[in-house]
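Comments concern the structure below.
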Amino acid sequence: MTTAFTKQTIIPITELEQSAFCQTDGNLRTKTLEEEFSAGVRWQKVPTRYLKLTPEEISEGIAFARNEIGEKAVLLGHHYQRDDVIEYADFTGDSYKLSKMAAAAKDAKWIIFCGVHFMAETADILTSPDQNVLLPNMAAGCSMADMAKPTDLLDCWDELESVLGTTERVIPITYMNSAAAIKAHCGKNGGLVCTSSNADKAFDWALERGDKILFLPDQHLGRNTGIAVGIPADDMAVWNPHLPMGGLSEAEIKRVTVLLWQGHCSVHTRFTVAQIDAARERNRETNIIVHPECTQEVVAAADMFGSTEFILQTVATAPAGSSWGIGTEISMVRRLAANNPDKDIFCLDPVVCPCSTMYRIHPAYLLWVLEGIMSGLAINRIEVEPETRRNALIALERMLEVAG
Ligand code: SF4
């Protein structure tokens with residue numbers, strides 16, 4: 001008799017909130033926190049005095065605090081942050097670049113990470129225990145990272161062991177966009193972390209050491225990478241963490257080379273082949289460049305694909321007059337367009353839809369943590385517990401060895 005059970009499917013709040021800021025008028029102007037809360041979002045509570053501050057008052061407060069705190073604080077801003085946050089950043093980059101920046105900021109007592117939770121965790125793992133990594137809004141998670149729960153991964157690992165007899169030849173790889181506990185599992189079990197710029201090297205590394213890859217949490221990055229390194233699509237299968245045995249038969253689990261965790265990015269899966277066709281119809285000379293978190297069909301239809309930094313560098317160094325249809329987060333695309341007025345740069349998605357979790361870093365939260373520092377308070381400090389930190393560091397260091 002089989003025990004029929006289906007784990008409860010919980011759609012991350014961040015995924016539900018994604019549509020709250022999608023709009024057609026294209027206006028991403030920062031409003032007071034009180035006004036932004038009226039969209040029905042569930043963000044971290046802040047002292048009431050921050051709710052009504054105007055963007056101008058917030059800006060003055062941030063400039064004053066930064067001046068008072070000086071070089072003891074380093075402010076890191078992810079490319080998907082709003083302009084009103086990026087303007088205060090000492091360094092901007094994608095998650096990989098910023099994690100290296102955090103590791104290099106040895107003299108900073110305070111590292112303020114304007115990004116999402118897994119990035120601040122990574123920064124904490126890569127910095128020394130006497131440095132403080134702060135995330136301005138603790139609700140700034142990542143819906144994709146939330147799709148890989150550590151307990152579900154442990155269940156998956158047990159199930160793989162029961163089917164395969166051992167997990168010794170299964171190499172777990174996790175995308176940077178995952179909780180520290182997921183990274184720790186990879187470190188402890190002979191695996192590693194990767195980013196969208198080095199996932200191909202991580203796959204090659206893994207297949208030199210094992211027969212099978214378990215890739216978390218983004219099925220699309222995993223599939224696109226697998227295809228890029230020569231693994232046929234039917235040699236990969238999706239592991240659904242809400243079903244027993246991932247929804248796969250024993251034969252399938254044994255047969256495939258890559259098991260792809262059923263996770264996705266709610267921002268990058270909005271892009272479609274129809275949008276690419278429409279862009280090419282408008283201008284046959286348009287270059288289409290997309291992020292590998294997009295679906296395989298979109299990546300296959302694009303002219304090129306790559307990490308956030310790759311997109312940024314490719315478009316920024318392209319000849320004047322060139323046209324670029326981009327499949328990545330809107331805040332970055334708009335900034336790229338503003339900084340390169342000699343090129344035609346546009347987002348493939350006509351609906352303006354920022355990453356809702358990145359968007360949670362409203363400048364008022366930034367002011368709150370800066371004023372905390374001035375009072376000697378570490379508001380929203382991210383601290384990964386020691387054993388998780390140790391094992392996650394192993395997985396991160398392997399990535400740095402493999403990818404440089
Ligand atoms: S863009 Fe996607 S993967 Fe990146 S933080 Fe937002 S939800 Fe997560």
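For the range 226-237, a residue qualifies if it is outside any helix (DSSP H, G or I) and either assigned by TED's automatic domain parsing to the domain that holds V299 or surrounded by fewer than 17 Cβ atoms within 10 Å (Cβ to Cβ) (or both), and the qualifying residues are V229, G230, P232. Which of the residues belonging to the range 35-54 are at pLDDT below 95 and in a helix (DSSP H, G or I)? Correct list: E35, E36, F37. Within the range 287-301, no residue that is under 13 Å from Q219 (Cβ atoms) and not assigned by TED's automatic domain parsing to the domain that holds T272 sits with its Cβ atom under 8 Å from a residue that is among the charged types (D, E, K, R) and more than 13 Å from the ligand (Cβ to nearest atom) at 6+ positions apart or across chains.
Regarding the range 339-346, can at least one residue be identified that is surrounded by fewer than 17 Cβ atoms within 10 Å (Cβ to Cβ), of a type in the set (S, T, N, Q) and at negative phi? Looking through the range 339-346, at least one residue is surrounded by fewer than 17 Cβ atoms within 10 Å (Cβ to Cβ), of a type in the set (S, T, N, Q) and at negative phi. In summary, A108 fulfils each of the numbered conditions (1) free of Cβ contacts under 8 Å to residues at least 40 places away in the same chain; (2) part of a helix (DSSP H, G or I) with the single exception of condition (2). Farther than 20 Å from L160 by Cβ, acidic (D, E) and either within 16 Å of the ligand (Cβ to nearest atom) or surrounded by 14 or more Cβ atoms within 10 Å (Cβ to Cβ) (or both): which single residue out of D218, D277, D200 fits that description? Selected residue: D200, the only one of D218, D277, D200 that is farther than 20 Å from L160 by Cβ, acidic (D, E) and either within 16 Å of the ligand (Cβ to nearest atom) or surrounded by 14 or more Cβ atoms within 10 Å (Cβ to Cβ) (or both).
In the set D235, D200, D218, only one residue is among the charged types (D, E, K, R), at pLDDT 95 or above and over 19 Å from the mean Cα position of the chain (by Cα); that residue is D235.
Restricted to the range 123-180, and to residues there that are part of a helix (DSSP H, G or I) and within 13 Å of the ligand (Cβ to nearest atom), the residue that is surrounded by the fewest Cβ atoms within 10 Å (Cβ to Cβ) is D146. Please verify whether the range 323-340 includes one or more residues that are more than 26 Å from T295 (Cα to Cα), more than 17 Å from the chain's Cα centre (by Cα) and not in a helix (DSSP H, G or I). Scanning the range 323-340 turns up at least one residue that is more than 26 Å from T295 (Cα to Cα), more than 17 Å from the chain's Cα centre (by Cα) and not in a helix (DSSP H, G or I).
A single member of A120, A103 is assigned to a helix (DSSP H, G or I) and under 12 Å from the mean Cα position of the chain (by Cα), and it is A120.
Residues that are crowded, with 24+ Cβ neighbours inside 10 Å and either within 12 Å of the ligand (Cβ to nearest atom) or in a helix (DSSP H, G or I) (or both) within the range 248-267 comprise G263, C265, V267, listed in sequence order.
The values are calculated or read from the model by the stated rules, or taken from the named source; none is laboratory data. Because the structure is predicted, anything quoted here is derived from the model rather than measured. Using ideal geometry, Cβ is built from the backbone for each residue, glycine included, and neighbour counts are taken over all protein chains shown.
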